[in-house]
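No lab work stands behind these numbers, since they all come straight from the coordinates. If you're wondering where the values come from, they're calculated on a predicted model, not measured in any experiment. Counting neighbours? That spans all protein chains shown, and the Cβs are built from the backbone with ideal geometry, glycine included.
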């Protein structure tokens, strides 16, 4: 059945007919009741129905999602902004399989100044509380915060102890003796003097160090003239510390006081967002974030999802966010960010020229380089591969290290062009020469069925293993495949799916006498939960483990390969349909053409008019029509 003629089940049809023309969120569920996708809409009726009309046919991810929808729940909201907020909360709560998501939930570190206290302290924190403290950042890593604080302390010897400061203590601590605290506890400085020092420290962190540097320079020159060389040397060291901090902040534009610059780089199945943090005209830091489930999603949707998820976690919302191109929901996101910023306006802009456009290009270059380096570092780091394999063996209690991993995934289009993919990882790295696809044949007339598709793919795989055992020299029946890839059994068989798919894999392994011999695991809930046969409780890999990163890479590669294969199949079917639309071409002539050109649409498209007319029944007029349409 063509997806263009797809008719959803009666239950779904009833829901689609009753959807309101109001803003809100929709939750799509599979047959087990698990939420597999959360979305928001300005008009629920239009948005949800779009998943089931012909316009969805061009997006394999949407088709795969549609094939798994068994129920739809809606939440009506008063405004589009509340729909956005609700969507963000639900995605974070349920982590649906098909939603775009950040690969980690990192909270950025900040430098916190407890300005509400008489004697403010300087601390590192990842939590921002509205208690009167001042926050500076964000920084890309905690080590950057700690380095900055150590340098700051040489220039501004702030308190680090938990004493109650009265100014009447008998003795100061060791930090006073080594000039890393100016001793307010013993009255060496009073409250006003201490707060003035902290105020200057905040000026330096804010990028407004000019006045501070000028004052210290003046005092240093005067101390030298008065022959107070020890004090002059101390002031010189203070200047060096300030210079060290300010030099790390690249000057951008004095008019850009509070901006984030964002760029997106995509390559194959990977997507990375680069963020530049600009405060008070200076680039104070940058960071990059990887995203999941971005295959077949347009750039504006990836950026929109990034904005809502990223800024739901960060403590500080800038007054302007600079993007490489427009996003459809920019005005709604602006209103949401304004609310998070306490009512202060937030703008999302897309510059076409000038300094801001140059910053976009800088961010894009950094994003491309960051993605390249991440890939290269992991793929070249054999130590990490070994660590990942060892962690995975321990987590899954495997008898041997999983040096050879096979992972299977299904991509379907309502039963049309259903494809199973197999990817192979050896010692933690992809072995692309051993990737294989299975065009599912046995269930296409029945509609989509991931369970039976998985059964067919695994059965065909282990039939080939069985054949190779019977005659290890003979190649596979078609004579075109390398027998070695089927003869070797994996150390770990991974199945994309939940307990149902795991049950199918277990049944197939039992049929071939491999159950208990070949370890098998299924990946569910964004594949960070691993299910083993006979164990109701899943294995949860630590978020920072190399084993989790390996599992994610294997999963992503299997999904990418399945989607790519599916797209190729759909393209072939589409070309055949185009061929049938040529005037004068019916089923008989279509079959004759395919037979004459080895079932290759590409060969038909590239053929000359003379070559086409050599096929029985194809006239010169029909041949020219074929050339024009294809």
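Given an 8 Å cut-off on Cα distances and at least 6 residues of separation, report the relative contact order of the range 274-344 as a percent.
Numbers: 39 pairs, mean separation 17.1, N = 71.
Computed over the range 274-344, the figure is 24 percent.
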For the pair residue 376 and residue 627, what calculated FRET efficiency results from E = 1/(1 + (r/R0)^6), where r is the Cβ-Cβ distance and R0 = 45 Å, to the nearest 0.05?
0.50
Which entry in (1) 26.7; (2) 29.0; (3) 25.8 is this structure's computed Kirkwood radius over Cα pairs in Å?
(2)
FRET efficiency, 1/(1 + (r/R0)^6) with R0 30 Å, evaluated for residue 340 and residue 16 via beta carbons:
0.30
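With runs of 4+ DSSP H residues as the only contributors, calculate the mean residue ellipticity of the chain at 222 nm using -39,500 (n - 2.57) per run, divided by the residue total and rounded to the nearest 500.
Values: 21 runs with 276 residues, N = 630.
One gets -14000 deg cm²/dmol as the mean residue ellipticity at 222 nm.
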Remind me, what semi-axes does the range 95-191 give for its equivalent ellipsoid, largest first in whole Å, using sqrt of 5 times each Cα gyration tensor eigenvalue?
36, 15, 9
Could you give me D for the range 3-99, from Stokes-Einstein at 37 °C and 0.692 mPa s, where the hydrodynamic radius is the Kirkwood radius over C-alpha pairs? Units µm² s⁻¹, please.
243
Please state the relative contact order of the range 581-629 as a whole percent: Cα pairs under 8 Å, 6+ residues apart?
42
Measure out, as a whole number of angstrom, how far apart the alpha-carbon centroids of the range 223-238 and the range 326-400 sit.
47
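Pairs of alpha-carbon atoms within less than 8 angstrom and 6+ residues apart define the contacts here; what relative contact order does the chain have, in percent? Write down the numbers at each step before the final one.
Working: 1059 pairs, mean separation 61.0, N = 630.
Normalised by residue count, the contact order of the chain is 10 percent.
Give the peptides 26-37, 585-596 in descending order of average Cβ contacts within 10 Å, highest first.
Values: 26-37: 17.2, 585-596: 15.2.
Highest mean packing first, the order is 26-37, 585-596.
Which of the peptides 291-299, 349-357 is most tightly packed, and how do the rest follow, going by the mean number of other Cβ atoms within 10 Å of each residue?
Numbers: 291-299: 19.2, 349-357: 12.2.
Ranked by mean Cβ neighbours within 10 Å, highest first: 291-299, 349-357.
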Principal axis lengths of the range 311-434 from Cα atoms, whole Å, largest first?
59, 42, 31
How far is helix 450-470 tilted, in degrees, relative to the longest principal axis of the Cα atoms in the chain, given as a value from 0 to 90 rounded to the nearest 10?
70
Cα centroids of the range 269-284 and the range 600-630: how far apart, whole angstrom?
53
Could you grab the Rg to Rh ratio for the range 110-251? Cα atoms only, Kirkwood for Rh.
0.97
At 25 °C and a viscosity of 0.890 mPa s, what translational diffusion coefficient does Stokes-Einstein give for the range 581-629, taking Rh as the Kirkwood radius over Cα pairs? Give it in µm²/s as a whole number.
236
Can you tell me the orientation of helix 546-580 relative to the chain, as the angle in degrees between its alpha-carbon axis and the longest Cα principal axis, to the nearest 10?
40
Compute the helix-to-body angle for 191-205: its Cα long axis versus the longest principal axis of the chain, expressed 0 to 90° and rounded to tens.
40
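How much FRET efficiency would the formula 1/(1 + (r/R0)^6) give for residue 218 and residue 540, where r is the Cβ-Cβ distance and R0 is 51 Å, rounded to 0.05? It would help to have the intermediate numbers written out before the result.
On the way: r = 60 Å, r/R0 = 1.17.
Taking R0 as 51 Å, the efficiency between residue 218 and residue 540 is 0.30.
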